[in-house]
1. Between A:VAL190 and A:LEU244, how many nm apart are label points set 7 Å from Cα along the C-beta direction?
2. Report the FRET efficiency, 1/(1 + (r/R0)^6), for A:GLU42 and A:ALA141, where r is their Cβ-Cβ distance and R0 is 30 Å, rounded to 0.05.
3. Quote the relative contact order of the stretch B:28-139 in percent (integer), defining contacts as alpha-carbon pairs under 8 Å separated by 6+ residues.
4. What is the extension gain from A:VAL204 to A:ILE167, computed as 0.36 nm multiplied by their sequence separation minus the C-alpha to C-alpha distance, in nm to one decimal?
5. How far apart, in nanometres, would the label points at B:MET107 and A:ASP55 be if each is projected 7 angstrom from Cα along the Cα-to-Cβ direction?
6. Please compute the Kirkwood hydrodynamic radius over the stretch B:86-139, one decimal place, Å, based on all pairs of different Cα atoms.
7. Below 8 Å between Cα atoms, with a sequence gap of 6+, how large is the relative contact order for the stretch A:134-263 in percent?
8. Based solely on its DSSP helices, what 222 nm [θ] is calculated for chain B when runs of n ≥ 4 H residues each add -39,500 (n - 2.57) and the sum is averaged over all residues, nearest 500 deg cm²/dmol?
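Read-outs: derived from the displayed coordinates by stated rules, not from any lab. On a predicted model such as this, the values are computed, not experimentally measured, just so you know. A quick note on method: Cβ atoms are made from the backbone with ideal geometry, for glycine too, and the neighbour counts reach across all protein chains shown.
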Amino acid sequence: MARRIGTAVVVGSLISLAPAAALAEHDHTFMMSDSRDPASSEISAGVSIEAAQFDNGTYIGSYQGVLPQISWMRGRFGASATIGLYHLEENGLAVNGIGDAMATAHVTVWSNAAIETGVAMHVMVPTGSELENLGMGHAMAMPSAWGVWRLHPVTLTASAGYNRALISLDGEHHDHGPMPLVDPMNLQEVAWNAGADVELGAHVHVGGHLLGGIPIGMGINRVVGGGRVAWGTSRVSTGAELQLGLAGDPFSIRGVVETALRF
Amino acid sequence: MRLIALSLFVLAACANSATPTPTMAACPDPDPMSLTWDSFGMQFMTTYCTDCHASDLKHTQRNGAPLYHDYDTLMGVLETPEHVDEYAGSGLTVTNTEMPPSQCPTMPGGSLNRDCPQPTEEERKNLSIWLACEQNRPH
């Protein structure tokens, strides 16, 4: 069970590196058991529902999102893709639309019974409307590294990555600060995530984590704190998380509920 | 894996390409002073912008316009001239038509219930030139 938690948190950490905390902070990975056959592939499908309120000084409002996700894993390798569908209210205007899409590839580089490390690459595709504050308006590349330390019943995780907009950063564009509203980040930043989860028994886990983005050059430091509870088996998992924007105004408060099924 | 690859292909095909872009318009040298706040800017802003971009509108009345992007005064425009240029201006290489939007309020701060008047191409070019000139003038 400890290893199952570990693997779960690993992938959770990976996802949390994605700016889209939406894509993000999601742990539908408690189902990822070490009983997995390394020689066979597995597919999982999940959906997250989130709701948030924000006030970043320029925009005041709220949003609700539905984020389907599909994942593939084989041995040490994995990949996933997700995109959000949002209802956003910003300064009195209500819009509906898709957000930026995220694709992730990750690999476990080294592991033993207690420690697991790996690397990942997230790529964000600008499918969301920049004008409506649903997307960044450009692609992002986000390489990262992560590690997990299992101390049954506790699992500690940490990860760090580099988020970079695939555009010129010469500052010729008018700066609105971190964008988009549904999952803000800087044009160039160091992303980080640290957390801990505890197994309570009966497939139930509770945990908390901090994550954020430290801008490189122009931007705003961002910190999010979250507490979560999750239940998972080898086939299905469900979790809920409450998050607070602690710095940088990514949102005031956000709730995320998620469930996923492995095939 | 093929399903994920197909998903990525579809996502890439759906990439949203509407991006506000600086026009890089330049003020003639010397400044002819033919485009000023009184002769051009105020009328342009009143006609196309201040139904939502006005300092007396609270956030729920702005129909999505960001706070502190208020164009009912010259100094307000000069707080964010790049924003105006990137959303409504026109230059040699680009014409930005993100603003005005398609729907506008009949009264400032009201609901979106009428088609927005749209600037002509010449007005958009003059907007970008005026902004370039105005930023270099003493205030």
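1. Roughly 2.5 nm, to one decimal.
2. Given R0 = 30 Å and the Cβ-Cβ separation, E is 0.65.
3. So the answer I get is 26 percent.
4. Gain in length upon complete extension: 9.0 nm.
5. 2.7
6. Taking the inverse mean of 1/r over all distinct Cα pairs, the stretch B:86-139 comes out at 12.5 Å.
7. 17
8. -9500 deg cm²/dmol
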